[in-house]
Amino acid sequence: MGYDADVYRSVNINALIALAVKEHRIILTRSKRIAKLKQRFSRFLIKSDNYINQLSELKDYISINENHLFSRCMNCNVLLHDIEKKKIKDLVPTKVFHAFYNFKICRRCGRIYWQGSHYIEMYNTIHNLFHN
């Protein structure tokens, strides 16, 4: 969705809070215990375990910038960069190479993105949630 986000699975909660405060991040959590901590830090309790419902819970608290949608690697979270089609010919399926013209690449992990059916499905889901 274009947000600079990170996932920490095995970090002690005090270290996580310190990092969130230092980096001006909001901790999204499903833990009621973490949400009720007395320490001062930005947090948001996510109640659902379904990602569509989770996005619905957030829709009144975040905004969607169409220019930033799909601008970060889903694997690394770094910003994606345009890449010339001819440079990725042997890196994507032939069918994809011939069907699409615009590609983006993650300079950290090398993952390549294009606006195929997954993009359209994700875009429609986000658009329907945040604009209805």
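A short reminder: the numbers here are calculations on the coordinates, not readings from a lab. Since we're looking at a predicted model, the values are computed, not measured. Cβ atoms come from the backbone with ideal geometry, glycine included; neighbour counts cover every protein chain shown.
The distance separating the Cα centre of segment 54-74 from that of segment 1-30 comes to 17 Å.
Taking every DSSP bridge with both residues inside the chain, close to 65 percent are antiparallel. Remark on ARG43: its backbone amide H falls under 5 Å from those of ILE27, a criterion applied only to residues 5 or more positions apart or on other chains, H modelled at 1.01 Å from N.
Against the chain, whose longest principal axis comes from its Cα atoms, helix 117-130 is set at around 40 degrees. Taking the chain as a Gaussian network of alpha-carbon nodes connected by springs under 10 Å, the highest mean-square fluctuation of the residues LEU19, LEU58, LEU28 belongs to LEU19.
Compared with the dominant Cα axis of the chain, that is its longest principal axis, helix 13-22 is turned about 70°.
Under the convention that each Lys and Arg Cβ holds +1 and each Asp and Glu Cβ holds -1, the size of the dipole of the chain around its Cα centre is about 540 debye.
Would segment 69-132 count as rounded, prolate or oblate if I go by the C-alpha gyration tensor, calling it rounded below 1.5 in a/c and otherwise prolate when a/b exceeds b/c, oblate otherwise? Because a/c hits 1.5 or more and a/b fails to exceed b/c, segment 69-132 counts as oblate.
Pairs from the list LYS36/LYS59; LYS47/LYS87; LYS22/LYS59; LYS22/LYS86; LYS47/LYS85; LYS22/LYS89 with a Cα-Cα gap above 32 Å: LYS47/LYS87; LYS22/LYS86; LYS47/LYS85; LYS22/LYS89. Taking a ≥ b ≥ c as the square roots of the eigenvalues of the alpha-carbon gyration tensor, segment 1-62 is classed prolate because a/c is 1.5 or more and a/b outweighs b/c. Simple point charges give the picture: +1 on the Cβ of Lys and Arg, -1 on the Cβ of Asp and Glu, and for segment 69-132 a dipole about the Cα centre of about 280 debye. Among the trypsin sites (Lys or Arg not before Pro) in segment 2-52, those located in a DSSP loop and surrounded by at most 14 other Cβ atoms within 10 Å of their own Cβ are ARG9, ARG30, LYS36, LYS38, ARG40, LYS47. Springs between alpha-carbon atoms under 10 Å, Gaussian network over the chain: tell me which of ILE46, ILE88, ILE13 tops the mean-square fluctuations. Maximum fluctuation in the GNM of the chain, among the listed residues, is at ILE13. Annotation: for a label point projected 7 angstrom from Cα along Cα→Cβ of PHE44, residues of segment 108-126 with backbone N closer than 17 Å are 126.
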